[in-house]
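Notes for the one structure printed next.
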Amino acid sequence: MTVLHDSNAFKANAATALHDASLQEALAIAREHSIPTRARAIERLPEFERLRNSGRDLKNHVIAHLDQYLLQFEQSVVARGGHVHWCPDAGSARARVLEICRSVDARTVTKGKSMIGEEIGINAFLEANGIEPIETDLGEYIIQLRRETPSHIIGPALHVTQAQVEETFRKSHDGLDPARNLDDPAALMAEARAHLREGFLKADVGITGANFLIADEGASVIVTNEGNGDLTQTLPRIHIVLASIEKVVPDMHDAMTLLRLLPRSGTGQELAVYVTFSAGPRRAADLDGPGEYHVILLDNGRSAYLGTEFEEMLRCIRCGACLDHCPVYHSVGGHAYGWVYSGPIGSLLNPALNGIENAKPLPHASTLCGRCESVCPMRIPIPKMLRHWREREFAGAIAPMPERRLIRLWAFFARRPWLYRLAARLAARGLHLLARGQGRLKSAPFAAGWTRHRDLPAPQGRTFQEQWRARS
Amino acid sequence: MTSQPSSKVDTVALFVTCLVDLFRPSIGFAAVKLLEDAGCQVVVPPGQTCCGQPAYNSGDRESAMAIAQGTILALEAHPAIVVPSGSCAGMLKRHYPELLADDMNWGPRARSLADRVFELTQYLAARGLRIDAQVAARATYHDSCSSLREMQVKEAPRDLISQVRELSLAEMAETEACCGFGGTFCVKFPDVSDAMAQRKVDCIRATGADLLLAGDLGCLLNLAGKLKRAGSTIAVRHVAEVLAGMTAQPAIGESGTGDSRMGDSGVGGK
C-alpha cells in the first residue's frame, strides 16, 4: 500500500480501503478483538467511570495551568542534569534532534514508538541526513520495513495481516532460512528480536516518545509491552524524549491516575507490561543509563487552541479507544485519514495541527454516533468538536458552495412553517407517485448518494400534518 | 437530569419530526394512539417543521439557531413534548440548550423546554402504559445512537415490546454500533455508509428475525433501503406501529396489497 499524505483525499482513500481485502480482514480481526477486550477490563474496575471524571478534571487543571507546569518540568529536568528544548514547530524539533545526534557523530539511532516522531517526520529527516533510524517496537519495525506509516495510534501495524508480516520479514531479512517456520506471532516476534539486537547494541542515540511528563520529578514515562523502549533509552549514550506540551502532569500521583485509565482503554490491560520512568542522565552510582537526557517539547500549533472551543482535545492521552470503537475507522482503517492521526481523534487533531483547509472532509467523516465519546477515558466530547470544525468550515466558506446553498435553501423553508408544510406536501406526493405503488424507489432526483447502495422507501403519500388537520 | 413525566400531565404536544411527517405519517398516528391509550390528550402544534439537525450537523449554526427558536416557540406552551425519534428528541433536549446557551432570552427557554422533552417509548414506559397489541413475529430491535447515548433509552422500548402478544424479541450482536445513516453522512460518504449498513444488516440477519424495529425513522429508512435492495423479506417498522397494533400499512419500503391510492392510509380518519 502506498503511503498517503492527503486528508483531503479521504473519500478516494476510503474507496481504496473498502476494496482492499487484506485490510478488511485485518480490520475485522482488530474490531472483534478490541471491543470485548476493553469491555472486560472496564467491567473488572467498578470505579472506572469515577476514574474517568478524575482524569478529565486532572487534564483540565493542567491545561488551565500549562505554562506553570511546563516551566516546573523544565526546572526539574535541568536540576537532574537533563536538557529541555522548546520547539514551536516540527522543523525546529527536527533540527534539535539532528544537532544532538551530530554532537556525538551518531550514525545509528534506535527508536521507541512515538506519535510525535511521526508528527515531525523524524525518520525520513534523519535518513536524509545520513543517520539510520531503527524502529524497535514490533509494529513500527514492521511498517518501517514496508515503508508505511502507522494506521493506528497504539497499533501502528494494525492494517498488516500476520501472513503479510511473514512475507515482509522473508523479503527484508537477509540470510533468513527459507525453511524456518514463521507462522505464529511468537516466531515472528523472535525473528524481529534477533534482528533488532544488533541495532540496540550499535545505536549511538535512543529516541522514545513519552506518555506523560511529570512536572515535579522532571521525569518522562513510557508505557510499553515489549521492553524495547527500555533498551532504546538505556543502552545508547544519549536518550532523546519526543513529547508534546500537553503530556505534562503535576506529579506522580496524577500520573498514576492516568496510568489506570490508559492501558484499560487502549489494550484492555490492567497495566502494560512495562511502565518505565526516566529522570535525567545516568548518575555516578547508577549501573546503567544514558550519559545525556534531552526532552524535545513540541508545541506544533497546540497552544493556539488553548481557550478555544477545541481546547478539550488537548486532554487526549492517545489510547486509541475512539479508533477501536469507531464504525468509520472499522470500515476504512487509519491510512484513509491521510495524516499521522486517524479515527475520531484524528478528525479533530489533523485539522488542528495541519490546517482545516488540508483536512476538509475529516470532520464530516462521522455519523456523530457518539460511541467515541462514550469510551474516551478523558471524556472528550468528540462529536461536539467535530461539529465545531464543520461550523468553522461553513463560516469560513471552506465547505463546498453547492452544499452551503442547499442547506441555506432548506433552512429558508424550515424557518417558515406554512411554506415548509406546502413543500413537504409536494415532496410527499411527488416521491409517492414516482414510486408507482412499489413502496420504494431505485433512483430518485437528487438522491444518487442514497440510491447507489440502497432503495429509497417511498412516502405514504400525504403528510402527517395534512392528515391531522383533516381529522381535527 | 431527566425529569420524570408527571402522571398529572394530560396534554402532550407531539413533535412529529420531518421524516415521519413526510415519509411515514402512520408512525405519527400510532404515536397518537399510544399516547391516548396512556391517558393523554395529544396536540400537534402547527408551527413545527424540522428540529434543525441538517443545518446543525452541517455547521450552519446560524440557521440551526433560527430553526431552534421557531421550534421552541411552537412547543414551549405545552407541559410535555413527546418525539417518536431519539435523534430529534436529543436535538431538542441536549443540543438546543447548548446552541442557545449564550442567549439571554432563548437560553432559559431552551433549557425549560429541554426538561419537558421525551422520546416516545421513554414517555410511554414511564407512564406505565400497558400494551394491548398482537403481532405474530420474531423481532429484533435496533438502538439508534441518539436514543442510546443522548436520551439513555435502552430498556423502555424492550419493556414495551415484551408486552406485545405473539411477538418474540431476539437481540442482535453489536447493538451499540451505528447503522451508517448519520443524516447527510450517508449521502456524503455513500460507500462508507454502505459498509456500516452491511455490518448492521449482517447482525440483523443473524438473529433470524422477520421483523426489524427501531425508534428512529432515519435508521429505519437506511436499513429498509439496504434490506430491500438486497431482496430481503425482513419487514421493517417503527416500534410505535407494532406497539399500537397498527400494522395494516405495508412495512417500510414495501408495496401495498395492490391498493396504492395516495393517502388512503386508513389510519388518518379514525
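What the table below lists for this structure:
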item	result
Set of lysines near A:Lys247 by C-alpha distance (under 18 Å), chain-local residues within fewer than 8 positions excluded	A:Lys59, A:Lys113
Sequence ranges A:194-202, B:239-247, ranked by mean other-Cβ count within 10 angstrom, highest first	B:239-247, A:194-202
Column: log10 I(q)/I(0), Debye, Cα scatterers of segment B:131-243, q = 0.16, 0.19 Å⁻¹	-0.68, -0.96
Nearest-ten-degree value, helix B:190-206 long axis tilted from longest Cα axis of chain B	60 degrees
Cβ-based net charge around B:Asp132, under 14 Å, with every Lys or Arg adding one and every Asp or Glu removing one	0
Minimum 40 Å² accessible area buried by the other protein chains, segment A:431-461 residues, probe 1.4 Å, relative to alone	A:His432, A:Gly437, A:Arg440, A:Gly449, A:Trp450, A:Arg452, A:His453, A:Arg454, A:Asp455, A:Pro457, A:Gln460
Approximate spin-label separation A:Ala124-B:Thr233, in nm, with each point projected 7 Å along Cα-to-Cβ	5.6 nm
Three principal axis lengths of segment B:11-124 [C-alpha, angstrom, descending]	40, 27, 23
Cα gyration tensor shape for segment A:1-156, rounded if a/c is under 1.5, else prolate or oblate	oblate
Probe 1.4 Å, accessible area per residue of segment A:1-152, Å²	47 Å²
Whole-number D in µm²/s for segment A:36-111 (Stokes-Einstein; Kirkwood sum over Cα pairs; 4 °C, 1.567 mPa s)	79 µm²/s
Degrees separating the helix A:401-414 axis from the principal Cα axis of chain A, which is the longest one	50 degrees
Lysines with Cα under 16 Å of A:Lys202, excluding same-chain neighbours fewer than 8 positions away	A:Lys111
Set of lysines near A:Lys442 by C-alpha distance (under 24 Å), chain-local residues within fewer than 8 positions excluded	A:Lys11, B:Lys188, B:Lys200, B:Lys226, B:Lys228
Inter-part distance where segment A:143-216 and segment A:280-329 are each reduced to a Cα centre, Å	22 Å
Protein accessible surface hidden between A and B, which excludes ligands and nucleic acids, total in Å², probe 1.4 Å	6500 Å²
Accessible area of the protein assembly as shown belonging to carbon and sulfur atoms, whole % at 1.4 Å probe	53 percent
Rounded D (µm²/s) - chain B, Kirkwood Rh over Cα pairs, Stokes-Einstein at 4 °C, 1.567 mPa s	69 µm²/s
Ordering of A:16-23, B:140-147 by packing [mean C-beta count within 10 Å, highest first]	B:140-147, A:16-23
At least 50 Å² of accessible area lost relative to the chain alone, listed for segment B:14-48 with a 1.4 Å probe	B:Asp21, B:Leu22, B:Phe23, B:Pro25, B:Phe29, B:Val44, B:Pro46
Between 0 and 90°, nearest 10: helix A:21-43 axis offset from chain A longest Cα axis	80 degrees
Largest-first principal axis extents, alpha carbons of the protein assembly as shown, Å	91, 63, 48
Cβ-Cβ FRET estimate between B:Asp115 and A:Ala397, R0 fixed at 51 Å, reported to 0.05	0.85
Rounded accessible area per residue of chain B, 1.4 Å, Å²	34 Å²
Cα convex hull of segment A:246-361 - mean projected area over all directions, nm²	9.8 nm²
Fully extended contour minus Cα-Cα distance, from B:Arg205 to B:Glu76, at 0.36 nm per residue	42.2 nm
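The values are calculated or read from the model by the stated rules, or taken from the named source; none is laboratory data. Just so we're clear, the structure is a prediction, and the values are computed from it rather than from any experiment. In this analysis, Cβ positions are derived from the backbone assuming ideal geometry, glycine residues included, and neighbour counts consider all displayed protein chains. What goes into the accessible areas is simple: the full protein's heavy atoms, side chains included, and nothing from ligands, DNA or RNA. Shrake-Rupley method; radii C 1.70, N 1.55, O 1.52, S 1.80 Å.
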